[in-house]
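Q: Before anything else, here's the structure in question.
The values are calculated or read from the model by the stated rules, or taken from the named source; none is laboratory data. Keep in mind it's a predicted model, so treat the numbers as computed, not measured. As a convention, Cβ positions derive from the backbone with ideal geometry for all residues, glycine included, and neighbour counts pool all protein chains shown. Only protein heavy atoms, including side chains, enter the accessible area calculation; ligands, DNA and RNA are left aside. Shrake-Rupley method; radii C 1.70, N 1.55, O 1.52, S 1.80 Å.
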Amino acid sequence: MANPVVDRIETQLDGKAEVIRLDVMSSVGRQAAAAYGVRGVPSLVVVDGNGEAAYGRYGVPMPGTVVEEVDKLLAAAN
C-alpha cells in the first residue's frame, strides 16, 4: 500500500537524502522501531544527521510533507 508513495519520496529525495526501508519483523527493523517509538505500520521517520528523529508519521506518508521536512533539515545543516 505505501510502496508506491515511498518510491515517489525516494525519487524526489534522490541526491539529497537516503531512504532506508526496514521490515519491523526483522531484528534490525524491531530495534529501529523501538528506538524511534514506532507503534504502527506503515510509519515513516525522518532522522537528522545526529540520528535523532526530526519528523515522524504513522500511516501512508505524504510525499510533499516529507520532502519539505528533509529540505528544512538540509537548510538548517548549512
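Q: Can you pull a Stokes-Einstein diffusion coefficient for the chain at 4 °C (1.567 mPa s), Rh from Kirkwood over Cα pairs, as a whole number of µm²/s?
A: Once the numbers are plugged in, D ends up at 100 µm²/s.
Q: Ok, one more. Considering only DSSP states other than H, G, I, E and B, which GluC sites (Glu not before Pro) in the range 1-66 qualify as loop sites with at most 16 other Cβ atoms within 10 Å?
A: Answer in residue order: Glu18, Glu52.
Q: Mind putting a number on the dipole of the chain about its Cα centre? Charges go on the C-beta only, +1 for Lys and Arg and -1 for Asp and Glu, and I need it in Debye to the nearest 20.
A: Around 260 debye, computed over the chain.
Q: Now a separate question. Round to the nearest 10 and give me the degree value, 0 to 90, for the angle of helix 3-12's Cα axis relative to the longest principal axis of the chain.
A: Taking Cα atoms only, the helix is inclined about 30 degrees.
Q: Provide the solvent-accessible area of Arg57, counting protein heavy atoms only and rolling a 1.4 Å probe, rounded to the nearest 10 Å².
A: Ignoring ligands and nucleic acids, Arg57 comes out at about 90 Å².
Q: Against the longest principal axis of the chain, how steep is helix 63-77, in degrees 0 to 90 to the nearest 10, with axes from Cα atoms?
A: Between the helix axis and the principal axis of the chain, the angle is about 60 degrees.
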